[in-house]
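For reference, the structure discussed in these notes is given below.
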Amino acid sequence: MREYLLTLCVTAAVTYLLTGPVRKFAIVAGAMPEIRARDVHREPTPRLGGIAMFFGLCAGLLVADHLTNLSEVFQNSNEPRALLSGAALIWLIGVLDDKFEIDALIKLGGQMIAAGVMVMQGLTILWLPIPGVGNVALTQWQGTLLTVALVVITINAVNFVDGLDGLASGMVCIAAAAFFLYAYRIWYSYGIEAAAPATLFSAILMGMCIGFLPHNMHPARIFMGDSGSMLIGLVLSAGAISITGQVDPDALQLFLHSEKAAVHSTVPVYIPLLLPLTIIAVPAADLVLAIVRRTWRGQSPFAADRGHLHHRLLEIGHSHSRAVLIMYFWSALIAFGALGYSVNSASMWIVLGIVFLSAIGLVLLLLPRFTPRAPRWAQHLVPPRYRRSGAAVEPVVVLAEEDRDPRPPVVAGVSGVNGATAVGPRSRLLDGRKAESSR
(Lines give C-alpha, C1' and ligand atoms only; values in the text may rest on other atoms or scores of the structure.)
Protein backbone atom coordinates (compact mmCIF):
# COMPACT_ATOMS: atom_id res chain seq x y z
CA MET A 1 0.00 0.00 0.00
CA ARG A 2 2.89 2.40 0.74
CA GLU A 3 4.21 2.01 -2.80
CA TYR A 4 0.78 2.67 -4.28
CA LEU A 5 0.43 5.79 -2.14
CA LEU A 6 3.92 6.95 -3.16
CA THR A 7 3.03 6.48 -6.83
CA LEU A 8 -0.22 8.40 -6.32
CA CYS A 9 1.57 11.29 -4.58
CA VAL A 10 4.29 11.54 -7.25
CA THR A 11 1.69 11.54 -10.02
CA ALA A 12 -0.36 14.22 -8.25
CA ALA A 13 2.70 16.38 -7.55
CA VAL A 14 3.98 16.24 -11.14
CA THR A 15 0.53 17.01 -12.53
CA TYR A 16 0.01 19.90 -10.13
CA LEU A 17 3.42 21.48 -10.72
CA LEU A 18 3.22 21.20 -14.50
CA THR A 19 -0.30 22.60 -14.85
CA GLY A 20 0.85 26.19 -14.26
CA PRO A 21 3.52 26.18 -17.01
CA VAL A 22 1.14 24.30 -19.30
CA ARG A 23 -1.45 27.05 -18.79
CA LYS A 24 1.05 29.69 -19.89
CA PHE A 25 2.01 27.56 -22.87
CA ALA A 26 -1.65 27.16 -23.86
CA ILE A 27 -2.13 30.93 -23.77
CA VAL A 28 0.93 31.53 -25.92
CA ALA A 29 -0.08 28.73 -28.32
CA GLY A 30 -3.55 30.21 -28.73
CA ALA A 31 -5.38 27.21 -27.26
CA MET A 32 -8.00 29.51 -25.78
CA PRO A 33 -11.16 29.24 -27.88
CA GLU A 34 -13.91 31.78 -27.89
CA ILE A 35 -16.90 31.25 -25.63
CA ARG A 36 -19.56 29.15 -27.35
CA ALA A 37 -23.32 29.20 -26.85
CA ARG A 38 -23.27 26.00 -24.81
CA ASP A 39 -20.45 27.09 -22.49
CA VAL A 40 -21.16 28.18 -18.93
CA HIS A 41 -17.95 30.11 -18.26
CA ARG A 42 -17.93 33.84 -18.97
CA GLU A 43 -14.40 34.46 -20.13
CA PRO A 44 -12.00 32.59 -22.39
CA THR A 45 -10.00 29.98 -20.49
CA PRO A 46 -6.97 28.08 -21.81
CA ARG A 47 -7.22 24.37 -22.46
CA LEU A 48 -4.51 21.72 -22.97
CA GLY A 49 -4.56 20.72 -19.30
CA GLY A 50 -4.23 17.15 -20.51
CA ILE A 51 -0.55 17.80 -21.20
CA ALA A 52 0.19 18.03 -17.47
CA MET A 53 -1.99 14.97 -16.78
CA PHE A 54 -0.15 12.91 -19.39
CA PHE A 55 3.24 13.75 -17.93
CA GLY A 56 1.85 12.89 -14.50
CA LEU A 57 0.87 9.49 -15.91
CA CYS A 58 4.38 8.99 -17.29
CA ALA A 59 5.94 9.99 -13.96
CA GLY A 60 3.71 7.58 -12.05
CA LEU A 61 4.58 4.66 -14.32
CA LEU A 62 8.29 5.54 -14.15
CA VAL A 63 8.30 5.65 -10.35
CA ALA A 64 6.32 2.41 -10.07
CA ASP A 65 8.79 0.68 -12.38
CA HIS A 66 11.62 1.42 -9.92
CA LEU A 67 9.80 0.34 -6.73
CA THR A 68 10.49 -3.06 -5.19
CA ASN A 69 7.03 -4.62 -5.35
CA LEU A 70 5.39 -2.66 -8.15
CA SER A 71 8.28 -3.38 -10.51
CA GLU A 72 6.96 -6.95 -10.68
CA VAL A 73 3.89 -5.61 -12.49
CA PHE A 74 6.12 -4.49 -15.37
CA GLN A 75 8.06 -7.76 -15.36
CA ASN A 76 5.05 -10.08 -15.31
CA SER A 77 2.69 -8.10 -17.54
CA ASN A 78 2.82 -5.99 -20.67
CA GLU A 79 -0.30 -4.06 -19.70
CA PRO A 80 1.48 -0.92 -18.37
CA ARG A 81 3.28 -0.55 -21.71
CA ALA A 82 0.02 -1.13 -23.55
CA LEU A 83 -1.64 1.58 -21.46
CA LEU A 84 1.19 4.02 -22.12
CA SER A 85 1.02 3.41 -25.88
CA GLY A 86 -2.74 3.89 -26.09
CA ALA A 87 -2.60 6.91 -23.75
CA ALA A 88 0.10 8.60 -25.84
CA LEU A 89 -1.96 8.20 -29.00
CA ILE A 90 -5.24 9.40 -27.52
CA TRP A 91 -3.43 12.29 -25.81
CA LEU A 92 -1.88 13.41 -29.09
CA ILE A 93 -5.30 13.37 -30.77
CA GLY A 94 -6.73 15.38 -27.89
CA VAL A 95 -3.97 17.99 -28.09
CA LEU A 96 -4.62 18.47 -31.80
CA ASP A 97 -8.34 18.81 -31.14
CA ASP A 98 -7.80 21.37 -28.38
CA LYS A 99 -5.73 23.46 -30.76
CA PHE A 100 -7.34 22.93 -34.17
CA GLU A 101 -10.88 21.55 -33.44
CA ILE A 102 -10.66 18.36 -35.50
CA ASP A 103 -13.77 16.58 -36.76
CA ALA A 104 -15.74 14.34 -34.39
CA LEU A 105 -15.52 11.32 -36.69
CA ILE A 106 -11.73 11.69 -36.84
CA LYS A 107 -11.63 11.69 -33.06
CA LEU A 108 -13.81 8.59 -32.98
CA GLY A 109 -11.45 6.85 -35.38
CA GLY A 110 -8.49 7.86 -33.23
CA GLN A 111 -10.18 6.44 -30.14
CA MET A 112 -10.70 3.13 -31.89
CA ILE A 113 -7.07 3.06 -33.07
CA ALA A 114 -5.83 3.77 -29.53
CA ALA A 115 -7.97 0.91 -28.21
CA GLY A 116 -6.64 -1.34 -30.98
CA VAL A 117 -3.06 -0.49 -30.02
CA MET A 118 -3.73 -1.63 -26.46
CA VAL A 119 -5.35 -4.82 -27.72
CA MET A 120 -2.34 -5.61 -29.89
CA GLN A 121 -0.09 -5.38 -26.82
CA GLY A 122 -2.17 -7.69 -24.70
CA LEU A 123 -4.61 -5.41 -22.85
CA THR A 124 -7.82 -7.10 -23.95
CA ILE A 125 -10.79 -9.03 -22.61
CA LEU A 126 -10.06 -12.77 -22.73
CA TRP A 127 -13.15 -14.14 -21.03
CA LEU A 128 -16.32 -13.04 -19.30
CA PRO A 129 -17.76 -14.35 -16.02
CA ILE A 130 -21.42 -15.06 -16.74
CA PRO A 131 -23.69 -15.57 -13.69
CA GLY A 132 -24.98 -19.14 -13.48
CA VAL A 133 -22.88 -20.27 -16.45
CA GLY A 134 -19.28 -19.82 -15.43
CA ASN A 135 -16.26 -18.66 -17.35
CA VAL A 136 -16.97 -18.01 -21.04
CA ALA A 137 -13.87 -17.72 -23.24
CA LEU A 138 -14.00 -15.18 -26.06
CA THR A 139 -12.51 -15.51 -29.49
CA GLN A 140 -9.88 -13.03 -30.58
CA TRP A 141 -12.35 -11.01 -32.64
CA GLN A 142 -14.97 -11.02 -29.90
CA GLY A 143 -12.47 -9.86 -27.31
CA THR A 144 -11.14 -7.15 -29.62
CA LEU A 145 -14.57 -5.77 -30.50
CA LEU A 146 -15.73 -5.78 -26.89
CA THR A 147 -12.53 -4.09 -25.71
CA VAL A 148 -12.70 -1.37 -28.37
CA ALA A 149 -16.38 -0.73 -27.64
CA LEU A 150 -15.72 -0.48 -23.91
CA VAL A 151 -12.85 1.97 -24.39
CA VAL A 152 -14.76 4.19 -26.83
CA ILE A 153 -17.91 4.31 -24.69
CA THR A 154 -15.99 5.15 -21.52
CA ILE A 155 -13.91 7.86 -23.22
CA ASN A 156 -16.99 9.57 -24.65
CA ALA A 157 -18.92 9.26 -21.38
CA VAL A 158 -16.18 11.15 -19.56
CA ASN A 159 -15.85 13.63 -22.42
CA PHE A 160 -19.58 14.37 -22.42
CA VAL A 161 -19.68 15.16 -18.70
CA ASP A 162 -16.75 17.59 -18.91
CA GLY A 163 -18.91 20.71 -18.92
CA LEU A 164 -18.40 22.38 -15.54
CA ASP A 165 -15.28 23.42 -13.67
CA GLY A 166 -13.84 20.41 -11.85
CA LEU A 167 -16.72 18.11 -12.78
CA ALA A 168 -15.06 15.45 -14.95
CA SER A 169 -11.82 15.23 -12.97
CA GLY A 170 -13.68 14.99 -9.67
CA MET A 171 -16.14 12.35 -10.83
CA VAL A 172 -13.40 10.23 -12.39
CA CYS A 173 -11.34 10.57 -9.21
CA ILE A 174 -14.28 9.25 -7.18
CA ALA A 175 -14.74 6.34 -9.60
CA ALA A 176 -11.00 5.61 -9.52
CA ALA A 177 -11.00 5.57 -5.72
CA ALA A 178 -13.80 3.00 -5.62
CA PHE A 179 -12.08 1.02 -8.37
CA PHE A 180 -8.78 1.09 -6.46
CA LEU A 181 -10.36 -0.30 -3.29
CA TYR A 182 -11.97 -3.12 -5.24
CA ALA A 183 -8.84 -4.02 -7.21
CA TYR A 184 -6.62 -3.85 -4.12
CA ARG A 185 -9.01 -6.17 -2.30
CA ILE A 186 -8.87 -8.71 -5.15
CA TRP A 187 -5.06 -8.46 -5.33
CA TYR A 188 -4.27 -8.40 -1.58
CA SER A 189 -7.06 -10.48 -0.02
CA TYR A 190 -7.22 -13.23 -2.63
CA GLY A 191 -3.58 -13.06 -3.73
CA ILE A 192 -4.46 -12.70 -7.42
CA GLU A 193 -1.47 -11.05 -9.07
CA ALA A 194 -3.43 -10.39 -12.27
CA ALA A 195 -5.29 -7.62 -10.40
CA ALA A 196 -2.07 -5.68 -9.70
CA PRO A 197 -2.03 -3.72 -13.01
CA ALA A 198 -5.58 -2.47 -12.49
CA THR A 199 -4.70 -1.41 -8.94
CA LEU A 200 -1.72 0.54 -10.27
CA PHE A 201 -3.78 2.16 -13.03
CA SER A 202 -6.39 3.32 -10.50
CA ALA A 203 -3.77 4.81 -8.17
CA ILE A 204 -2.16 6.73 -11.03
CA LEU A 205 -5.55 7.92 -12.27
CA MET A 206 -6.41 9.28 -8.83
CA GLY A 207 -3.08 11.13 -8.77
CA MET A 208 -3.73 12.68 -12.17
CA CYS A 209 -7.15 13.98 -11.11
CA ILE A 210 -6.08 15.15 -7.64
CA GLY A 211 -3.12 17.06 -9.06
CA PHE A 212 -5.26 18.80 -11.69
CA LEU A 213 -8.30 19.62 -9.54
CA PRO A 214 -6.83 22.64 -7.65
CA HIS A 215 -6.33 24.42 -10.98
CA ASN A 216 -9.70 23.34 -12.36
CA MET A 217 -12.10 24.07 -9.50
CA HIS A 218 -14.54 26.94 -10.00
CA PRO A 219 -13.51 29.45 -11.19
CA ALA A 220 -11.20 27.35 -13.34
CA ARG A 221 -7.86 28.75 -14.43
CA ILE A 222 -7.39 26.04 -17.05
CA PHE A 223 -9.51 23.31 -18.68
CA MET A 224 -8.29 19.78 -19.28
CA GLY A 225 -9.75 19.82 -22.82
CA ASP A 226 -10.18 16.70 -24.89
CA SER A 227 -6.52 15.90 -24.31
CA GLY A 228 -7.35 15.37 -20.64
CA SER A 229 -10.91 14.04 -20.70
CA MET A 230 -10.17 11.37 -23.30
CA LEU A 231 -6.96 10.44 -21.48
CA ILE A 232 -8.56 9.81 -18.09
CA GLY A 233 -11.43 7.98 -19.77
CA LEU A 234 -8.97 5.65 -21.46
CA VAL A 235 -7.06 4.99 -18.21
CA LEU A 236 -10.31 4.20 -16.39
CA SER A 237 -11.43 1.79 -19.10
CA ALA A 238 -7.98 0.14 -19.16
CA GLY A 239 -8.27 -0.74 -15.49
CA ALA A 240 -11.76 -2.16 -15.99
CA ILE A 241 -10.61 -4.26 -18.95
CA SER A 242 -7.59 -5.55 -17.07
CA ILE A 243 -9.38 -6.75 -13.96
CA THR A 244 -12.68 -7.85 -15.49
CA GLY A 245 -11.54 -9.60 -18.61
CA GLN A 246 -8.27 -11.13 -17.43
CA VAL A 247 -8.73 -12.05 -13.76
CA ASP A 248 -9.91 -15.66 -13.83
CA PRO A 249 -12.77 -16.33 -11.37
CA ASP A 250 -11.45 -19.89 -11.16
CA ALA A 251 -8.69 -18.47 -8.94
CA LEU A 252 -11.35 -18.08 -6.21
CA GLN A 253 -12.15 -21.80 -6.11
CA LEU A 254 -10.13 -22.22 -2.92
CA PHE A 255 -12.73 -20.17 -1.16
CA LEU A 256 -15.92 -21.00 -3.06
CA HIS A 257 -15.34 -24.63 -4.15
CA SER A 258 -16.56 -24.27 -7.75
CA GLU A 259 -16.26 -21.92 -10.67
CA LYS A 260 -20.02 -21.42 -11.02
CA ALA A 261 -20.28 -20.61 -7.32
CA ALA A 262 -17.35 -18.21 -7.62
CA VAL A 263 -18.92 -16.36 -10.51
CA HIS A 264 -22.33 -16.30 -8.86
CA SER A 265 -20.86 -15.02 -5.59
CA THR A 266 -18.90 -12.26 -7.27
CA VAL A 267 -21.75 -11.01 -9.46
CA PRO A 268 -22.07 -7.77 -7.42
CA VAL A 269 -18.36 -7.19 -8.10
CA TYR A 270 -17.84 -8.32 -11.67
CA ILE A 271 -20.97 -6.91 -13.26
CA PRO A 272 -20.27 -3.28 -12.20
CA LEU A 273 -16.72 -3.61 -13.44
CA LEU A 274 -17.61 -5.52 -16.58
CA LEU A 275 -19.14 -2.34 -17.88
CA PRO A 276 -17.56 0.62 -16.11
CA LEU A 277 -20.59 2.63 -17.13
CA THR A 278 -22.11 1.59 -13.80
CA ILE A 279 -19.08 2.88 -11.92
CA ILE A 280 -19.43 6.18 -13.81
CA ALA A 281 -23.19 5.84 -14.08
CA VAL A 282 -23.87 9.57 -14.13
CA PRO A 283 -21.65 10.29 -17.18
CA ALA A 284 -23.02 7.17 -18.88
CA ALA A 285 -26.61 8.29 -18.31
CA ASP A 286 -25.70 11.73 -19.65
CA LEU A 287 -24.17 10.09 -22.74
CA VAL A 288 -27.25 7.96 -23.46
CA LEU A 289 -29.66 10.86 -22.90
CA ALA A 290 -27.61 13.12 -25.16
CA ILE A 291 -27.60 10.58 -28.00
CA VAL A 292 -31.36 9.98 -27.70
CA ARG A 293 -32.12 13.70 -27.45
CA ARG A 294 -30.04 14.69 -30.46
CA THR A 295 -31.21 11.79 -32.60
CA TRP A 296 -34.85 12.57 -31.76
CA ARG A 297 -34.32 16.12 -33.01
CA GLY A 298 -32.75 14.89 -36.22
CA GLN A 299 -29.27 16.07 -35.21
CA SER A 300 -25.97 14.27 -35.18
CA PRO A 301 -25.19 12.42 -31.91
CA PHE A 302 -21.96 14.43 -31.81
CA ALA A 303 -23.69 17.82 -32.12
CA ALA A 304 -23.12 19.93 -29.02
CA ASP A 305 -26.03 21.39 -27.03
CA ARG A 306 -26.99 22.63 -23.57
CA GLY A 307 -29.10 19.66 -22.56
CA HIS A 308 -26.59 17.81 -20.39
CA LEU A 309 -27.35 16.95 -16.78
CA HIS A 310 -25.11 19.69 -15.41
CA HIS A 311 -26.82 22.25 -17.66
CA ARG A 312 -30.21 21.18 -16.31
CA LEU A 313 -28.98 21.57 -12.74
CA LEU A 314 -28.01 25.14 -13.52
CA GLU A 315 -31.35 25.83 -15.20
CA ILE A 316 -33.41 24.77 -12.18
CA GLY A 317 -31.52 27.19 -9.95
CA HIS A 318 -28.41 25.48 -8.61
CA SER A 319 -25.20 27.46 -8.47
CA HIS A 320 -22.11 26.27 -10.34
CA SER A 321 -20.43 24.88 -7.23
CA ARG A 322 -23.58 23.24 -5.91
CA ALA A 323 -24.27 21.53 -9.25
CA VAL A 324 -20.75 20.08 -9.23
CA LEU A 325 -21.11 18.86 -5.63
CA ILE A 326 -24.45 17.22 -6.41
CA MET A 327 -22.88 15.34 -9.32
CA TYR A 328 -20.02 14.32 -6.99
CA PHE A 329 -22.56 13.05 -4.47
CA TRP A 330 -24.39 10.84 -6.96
CA SER A 331 -21.15 9.48 -8.42
CA ALA A 332 -19.85 8.60 -4.95
CA LEU A 333 -23.16 7.04 -3.95
CA ILE A 334 -23.28 4.76 -6.99
CA ALA A 335 -19.56 3.88 -7.02
CA PHE A 336 -19.10 3.20 -3.33
CA GLY A 337 -22.57 1.68 -3.05
CA ALA A 338 -21.59 -0.90 -5.66
CA LEU A 339 -18.29 -1.41 -3.84
CA GLY A 340 -20.00 -1.97 -0.49
CA TYR A 341 -22.54 -4.32 -2.04
CA SER A 342 -19.74 -6.32 -3.64
CA VAL A 343 -18.04 -6.82 -0.28
CA ASN A 344 -21.18 -8.05 1.48
CA SER A 345 -24.19 -8.45 -0.77
CA ALA A 346 -26.22 -10.07 2.02
CA SER A 347 -26.10 -7.03 4.31
CA MET A 348 -29.42 -5.24 4.50
CA TRP A 349 -27.74 -2.24 6.14
CA ILE A 350 -25.87 -1.46 2.91
CA VAL A 351 -29.11 -1.46 0.92
CA LEU A 352 -30.89 0.69 3.50
CA GLY A 353 -27.95 3.10 3.57
CA ILE A 354 -28.01 3.46 -0.21
CA VAL A 355 -31.77 4.10 -0.16
CA PHE A 356 -31.41 6.69 2.61
CA LEU A 357 -28.59 8.53 0.82
CA SER A 358 -30.57 8.41 -2.43
CA ALA A 359 -33.45 10.17 -0.67
CA ILE A 360 -31.03 12.85 0.54
CA GLY A 361 -29.77 13.23 -3.02
CA LEU A 362 -33.30 13.78 -4.31
CA VAL A 363 -33.89 16.45 -1.68
CA LEU A 364 -30.69 18.21 -2.74
CA LEU A 365 -31.81 18.13 -6.35
CA LEU A 366 -35.11 19.85 -5.47
CA LEU A 367 -33.65 22.50 -3.17
CA PRO A 368 -34.05 25.43 -5.62
CA ARG A 369 -37.78 24.73 -5.91
CA PHE A 370 -38.28 24.98 -2.14
CA THR A 371 -36.29 28.03 -1.11
CA PRO A 372 -36.61 28.53 2.67
CA ARG A 373 -37.23 32.00 4.09
CA ALA A 374 -35.42 33.20 7.17
CA PRO A 375 -37.38 34.84 10.02
CA ARG A 376 -37.44 38.61 10.19
CA TRP A 377 -34.94 38.83 13.03
CA ALA A 378 -32.36 36.99 10.86
CA GLN A 379 -32.85 38.96 7.65
CA HIS A 380 -29.40 40.54 7.80
CA LEU A 381 -27.65 37.25 8.57
CA VAL A 382 -28.60 35.36 5.40
CA PRO A 383 -28.04 35.95 1.67
CA PRO A 384 -30.65 38.11 -0.13
CA ARG A 385 -32.30 35.11 -1.83
CA TYR A 386 -33.45 33.79 1.58
CA ARG A 387 -34.94 37.10 2.77
CA ARG A 388 -38.64 37.78 2.85
CA SER A 389 -40.14 40.16 0.35
CA GLY A 390 -40.18 43.73 1.57
CA ALA A 391 -37.21 43.22 3.86
CA ALA A 392 -34.85 46.06 4.38
CA VAL A 393 -32.04 46.22 1.93
CA GLU A 394 -28.67 47.81 2.10
CA PRO A 395 -28.69 51.50 1.12
CA VAL A 396 -27.16 52.30 -2.23
CA VAL A 397 -24.39 54.88 -2.04
CA VAL A 398 -24.34 57.28 -5.00
CA LEU A 399 -20.98 58.84 -5.67
CA ALA A 400 -20.58 62.35 -6.87
CA GLU A 401 -19.37 62.94 -10.41
CA GLU A 402 -15.91 63.98 -9.28
CA ASP A 403 -15.56 60.91 -7.01
CA ARG A 404 -16.31 58.33 -9.68
CA ASP A 405 -13.57 56.25 -11.20
CA PRO A 406 -13.00 57.54 -14.76
CA ARG A 407 -11.69 54.16 -15.92
CA PRO A 408 -13.98 52.06 -18.11
CA PRO A 409 -15.63 49.00 -16.53
CA VAL A 410 -13.97 45.60 -16.76
CA VAL A 411 -15.18 43.57 -19.72
CA ALA A 412 -15.27 39.78 -19.29
CA GLY A 413 -12.81 38.09 -21.56
CA VAL A 414 -10.51 41.12 -21.83
CA SER A 415 -9.29 41.68 -18.31
CA GLY A 416 -10.43 40.37 -14.98
CA VAL A 417 -10.01 37.38 -12.76
CA ASN A 418 -8.30 34.08 -13.55
CA GLY A 419 -5.56 35.66 -15.62
CA ALA A 420 -7.80 36.49 -18.56
CA THR A 421 -5.66 39.52 -19.31
CA ALA A 422 -3.61 37.25 -21.56
CA VAL A 423 -6.46 37.23 -24.08
CA GLY A 424 -5.78 40.73 -25.22
CA PRO A 425 -3.33 43.51 -24.49
CA ARG A 426 -4.07 45.69 -21.48
CA SER A 427 -4.87 49.26 -22.46
CA ARG A 428 -2.12 51.68 -21.59
CA LEU A 429 -4.59 54.55 -21.46
CA LEU A 430 -6.66 54.35 -18.30
CA ASP A 431 -8.84 57.29 -19.26
CA GLY A 432 -10.68 56.81 -22.53
CA ARG A 433 -10.94 60.58 -22.99
CA LYS A 434 -7.16 60.83 -23.37
CA ALA A 435 -7.28 58.64 -26.43
CA GLU A 436 -9.53 61.06 -28.33
CA SER A 437 -8.06 62.97 -31.24
CA SER A 438 -7.21 66.61 -30.74
CA ARG A 439 -9.38 67.36 -33.71
### Query
How would W330, W141 rank on accessible area, largest to smallest, probe 1.4 Å?
W141, W330
### Task
Would you mind putting 190-197, 287-294, 90-97, 164-171 in packing order, based on average other-beta-carbon counts within 10 Å, highest first?
164-171, 90-97, 190-197, 287-294
#### Entry: Largest-first ordering by accessible area, 1.4 Å probe, given options D98, D162
D162, D98
### Summary
Row for region 89-233, column shape: gyration tensor on C-alpha, a ≥ b ≥ c, rounded if a/c < 1.5 i.e. under 1.5, prolate if a/b over b/c, else oblate; value oblate
### Query
Carbon and sulfur: what percent of region 62-152's accessible surface (1.4 Å probe)?
68 percent
### Task
Assign one of three labels to region 184-235, namely rounded, prolate or oblate, based on the Cα gyration tensor with a ≥ b ≥ c the square roots of its eigenvalues; rounded applies when a/c is under 1.5, prolate when it is not and a/b is larger than b/c, and oblate otherwise.
prolate
### Task
Under 1.5 on a/c is rounded, so check that first for region 52-161, then, if it is not, pick prolate when a/b is larger than b/c and oblate when it is not; a ≥ b ≥ c are the square roots of the alpha carbon gyration tensor eigenvalues.
oblate
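The values are calculated or read from the model by the stated rules, or taken from the named source; none is laboratory data. Treat the numbers as computed from the prediction; the structure is a model and nothing was measured. Glycine gets a Cβ as well: all are built from the backbone with ideal geometry, and neighbour counts include every protein chain shown. Note: areas computed on protein heavy atoms with side chains; ligands, DNA, RNA excluded. Shrake-Rupley method; radii C 1.70, N 1.55, O 1.52, S 1.80 Å.
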